[in-house]
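One structure is given here, and the rest of the page talks about it.
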Amino acid sequence: MAATKASSSPALGLPPIRDGEPPLTHEDAARSVDRERVYSARKHSKRWKLLWLLVGPGILAMLGENDGPSMIAYASDGAQYGLGFFVPFIPLLFLMAYVCQEMCMRIGAVTHRGYGELVLQRLGKVWGWFGAGDLTLTNLVTLVAEFVSIRVGLAYFHLGAGVAVALGLALVVFTLSGGRYWRWERIVLGMALFNGLFLLAAILVKPDVGALARSLSFSPFPGGSFNTLLLLLASTIGATVTPWMIFFQQSASADKGMTPRDINHGRYDTAVGAVLAAIFGIGALVAGAALLTHNGTGIQGFAGAGFPEALKHVAGSAAGTVFALGLIEAGAVAILTISASTAYAAGECVGVSHSFNSSPRNAALFYAANIGVALIAAAVILIPGAPLLSIALNANVLATVLLPVSLVLMVMLANDKGLMGAWANKRSTNVIGIAVIAFVGLCGAAYGIDSFLQTVHLIPA
């Protein structure tokens, strides 16, 4: 038998490739370089460098969820009810989000496969395509709301819808041009940290610290219209846990090349993201609470372009400016992460390359879906007379209604011992996960039933 020849790629530090084996792709090479840095940091016990190398998907999922509609929902909670029940409710919701996203990260690190791909392989085509359809619908509606958010923020500076569209699409194209998951992640991560503008806005309105501390006891409980309370409750839930987060973090963890050895650091990453998102979300609520005694019940008006302007008149131009800039940041980061989740799902379901490490030629569907879904959403906000405000207000509610199915499938994957082995869910994780699913489903159903009964005049409006 002839001797087997081997070639190597010394510049990349890759092992030799034997004849008859498929050559390493650019995606493989890029990921191996990233993994080599992780290996080196772990070998030399450089804990902080290791953490820096492994953070990303968790923080992006959580801060990406602090999008425009979410921050408007939090601010609307404050404008409607002031400092009370919703202040401790937001951290509780992000604790729920952590439980869900930890499962996504763990599945991605163990299997190296995205959510859509695994659902198709393990649970069948019906559920796989249903999950993809669920995601596409919620993502498209939410992306429209993100462009609305950017438009609202830019309107404060007297800039129109065309600028909002150009900014959002330019960011999508720019972040895709790096040809590496690592570069995309670091660019978006840097932008996401500006979600802290909402905390600055809260400081600028000079809140009553005593009232803020007292609200941690979940009191006072919000009163007023029961249907409005259910709407805000469903919208607030949809501001913290959504289908796109599940698709995104699991696929991003796989694209990053995470392994079971990285799971603890993935948990740190997800926990830090949850804590930051909760703090910044409370910041938006506190800023909105400054409007409580200034016609704060006018949620419809404040959720439009008048929200930063109203804050300016109540708390000064600095507060209004910072809140407007926060809305632009929140919408921009969410456009990037939500478009990415759509692209991951498209590639996974069709069975073609779906990685930021692949070139546009080798992953045409991935890049086309990423840009295409953003283009469709951008086109909607340019339609004269389109119900943009209604879309922005109901995007989170739609996510709440459609979320339980995605959560159930995720828990099933996390319990698949043939897939997860020793990393399958513990009983305590299942108990918490099932409780989260029941709670989300109950809140979404309650709002839907109450609204239906009002529509058919079985109960008073």
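Values in this text are rule-based calculations from the coordinates and carry no lab data. Since we're looking at a predicted model, the values are computed, not measured. Neighbour counts run over all protein chains shown; Cβ positions are idealised from the backbone, glycine included.
The table for this structure:
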quantity	calculated
Ile335, Ile376 arranged by Cβ crowding within 10 Å, fewest neighbours leading	Ile376, Ile335
Sorted by Cβ neighbour density within 10 Å, fewest at the top, the residues Thr337, Thr240, Thr142, Thr175	Thr175, Thr337, Thr142, Thr240
Order of Asp67, Asp450, Asp134 under a 10 Å beta carbon neighbour criterion, fewest first	Asp450, Asp134, Asp67
Whether region 150-206 is rounded, prolate or oblate, judged on the alpha carbon gyration tensor where a/c under 1.5 counts as rounded	oblate
Spin-label proximity, Trp52 to region 185-205 - amide N less than 16 Å from point 7 Å beyond Cα toward beta carbon	186-187, 189-190
Among 243-250, 310-317, 429-436, 210-217, the order from most to least packed when residues are scored by Cβ within 10 Å on average	243-250, 310-317, 429-436, 210-217
Three-way shape call for region 98-137 based on the alpha-carbon gyration tensor, with the a/c threshold at 1.5	oblate
Local electrostatic count, Asn425, Cβ distance below 11 Å [Lys/Arg +1, Asp/Glu -1]	+2
Shape category assigned to region 335-453 from the gyration tensor of Cα positions, a/c cut at 1.5	oblate
Net dipole in debye of the chain [+1 Lys, Arg Cβ; -1 Asp, Glu Cβ; about Cα centre; nearest 20]	1260 debye
Residue (of Leu233, Gln250, Ala164) at the positive-pole extreme of the chain, dipole from beta-carbon charges	Gln250
Within straight-line cross-link reach of Lys312, lysines at Cα separation under 17 Å, skipping those fewer than 8 residues along the same chain	Lys206
Length-normalised contact order for the chain - Cα pairs under 8 Å, 6+ apart - percent	31 percent
Karplus (6.51, -1.76, 1.60) ³J(HN,Hα), θ = phi - 60°, over region 266-275, in Hz, Gly and Pro reported as x	x, 5, 4, 4, 5, 5, 4, x, 5, 5
Expected 222 nm ellipticity per residue - DSSP helices of 4 or more, -39500 (n - 2.57), all of the chain, to 500	-23500 deg cm²/dmol
Net +/- balance of residues flanking Thr228 in space, Cβ distance below 11 Å, scoring K and R +1, D and E -1	-2
Residues of type lysines that Lys125 reaches as a straight line, Cα spacing below 23 Å, ignoring anything fewer than 8 places off in the same chain	Lys417
Mean projected area in nm² (Cα convex hull; one quarter of hull surface) for region 77-213	11.8 nm²
